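What follows is a short report on a single structure.
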Amino acid sequence: MGPRARALALAIAAWTLAGARADADACAAARRTCERTVERAMGDDGALMRFVDDARTRARTATRGAAEAHALTLDAARERERSAEMFALGCCAMDGGCVEDVGTEAEKAAVRAVGADALFAAQAIEDAVKFPWAGTLGADARACARGRGCDAESAAAYEKSGNAGDELGKLRAGDAALRRYAAGLATRIGGEGAVEVCDASLGGDAGDAARARTLYKELLTSNAFDKVASERLREVTRLEELWIDPSKGGKPDMAYAMADALVKLTVRVSVALAVLAVSYVYRDSRWMGGLWRLVRTVLLFGIVIDTIARVRAFIKWLRWKPPVTNTRAARREEKRRERRKSGHHA
């Protein structure tokens, strides 16, 4: 693997590690929203406090475990479409007092999982639209419990909060689209053993890149996320370059390549015509006559050299074969070459 390929592989690895950090950030963000928003609202609502206290009492005496008792209570609240009750008990179960009611780590993990599922379900209830943070809290809780994924439901929850004015939700929605777009690049560069955050079949969709870019651009005016959004926009561009880089197995965007070539050709022709025009106007002067002959000679040599270079590049392009990464097929091909070499020497 060459230096550039190694650098790209390290970039993909860094992206994977950033996903792990994002999971931890999602846990912290969900707990912060619960503490600063949900639990503070509960303190001003006696009915919600009684609902949570009653649920904790039933969970302490439940014969089949606190997690199942909380799940039953939350299912009943969901059937009644009481999103406030689900947010209150979900935050309690995710990392609040409900976790302290159980003893073993396994029971605590089960209660936290129930709380995370409840928060994600609560944001989908119709009356949750009055809480701009609902989608972000639910999707963050799900990411905290299950790890950062690429499911469309979480992305939709983030985007719903973003559309309601929650900037963190907008950033998370952009990150979800960017993760889907990057899927498959780690395997292409690092081989079959590379870690993929998302299913590789989801990667390379230009629509995801466009969606991520749109969301990040909307955050450039944010006081909190403008720098992050700017860096994410550069990341979108880098990933697009990887997808169209033929040396990494990508498919070049022919329309973009042709437009780029046309612009370069136009600039070169314009410069050449300008030089020729100036030289022609002053061709009768003694010093310009010599310059005119020099220009014609240089242009002639330039045309010949450029033509030769283009012919060589075209021949090289015809003979080019895409490199094979460290895959099972590549290893089989390497073994076949070694057998042919050993048979030839024998």
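The values are calculated or read from the model by the stated rules, or taken from the named source; none is laboratory data. It should be emphasised that the depicted structure is a prediction, and the values quoted were computed from it without experimental measurement. Neighbour counts run over all protein chains shown; Cβ positions are idealised from the backbone, glycine included.
Observations, loosely collected:
- For the residues CYS144, CYS98, the requirement of being under 26 Å from the mean Cα position of the chain (by Cα), part of a helix (DSSP H, G or I), modelled with pLDDT under 90 and surrounded by 21 or more Cβ atoms within 10 Å (Cβ to Cβ) singles out CYS144.
- Members of the range 118-139 that are part of a helix (DSSP H, G or I) and within 19 Å of ASP25 (Cβ to Cβ): LEU119, PHE120, ALA134, GLY135, THR136, LEU137, GLY138, ALA139
- The selection criterion, being assigned to a helix (DSSP H, G or I) and at pLDDT 90 or above, holds for ARG56.
- Looking only at the range 315-331, and only at residues there that are surrounded by 10 or more Cβ atoms within 10 Å (Cβ to Cβ) and in a helix (DSSP H, G or I), the one that is modelled with the highest pLDDT: ILE315
- GLU196 satisfies every condition listed in (1) of a type in the set (D, E, K, R); (2) under 17 Å from MET94 (Cβ atoms); (3) surrounded by fewer than 24 Cβ atoms within 10 Å (Cβ to Cβ) except (2).
- Residue count for the range 160-214, restricted to those that are within 23 Å of ALA124 (Cα to Cα) and without any contact (Cβ under 8 Å) to a residue 12 or more places away in the chain: 1
- Residues within the range 23-52 that are over 39 Å from the mean Cα position of the chain (by Cα) and under 19 Å from LEU119 (Cβ atoms), tallied: 3
- Residues located in the range 287-314, provided they are at pLDDT 75 or above and among the small types (Gly, Ala, Ser): GLY302, ALA309, ALA313
- Test: residue in the range 53-69 that is within 21 Å of ALA139 (Cα to Cα), touching a His at 6+ places or on another chain (Cβ under 9 Å) and without any contact (Cβ under 8 Å) to a residue 60 or more places away in the chain: no
- Some residue of the range 122-136 being under 22 Å from GLY147 (Cβ atoms), surrounded by fewer than 21 Cβ atoms within 10 Å (Cβ to Cβ), out of contact with any strand residue (DSSP E or B) (no Cβ under 6 Å at 6 or more places or on another chain) and not basic (Lys, Arg): yes
The rows are residues; the columns are (1) modelled with pLDDT of 90 or more; (2) closer than 14 Å to GLU235 by Cβ; (3) in a helix (DSSP H, G or I); (4) in the same structural domain as ASN163 (by TED's automatic domain parsing).
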position: GLY174; (1), (2), (3), (4): yes, yes, yes, yes
position: LEU178; (1), (2), (3), (4): yes, yes, yes, yes
position: THR187; (1), (2), (3), (4): no, no, yes, yes
position: GLY193; (1), (2), (3), (4): no, no, no, yes
position: CYS198; (1), (2), (3), (4): no, no, no, yes
position: SER201; (1), (2), (3), (4): no, no, yes, yes
position: ALA209; (1), (2), (3), (4): yes, yes, yes, yes
position: ALA212; (1), (2), (3), (4): yes, yes, yes, yes
position: LEU215; (1), (2), (3), (4): yes, yes, yes, yes
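- Boolean, SER222 is part of a loop (DSSP other than H, G, I, E, B) and either at positive phi or polar (S, T, N, Q) (or both): yes
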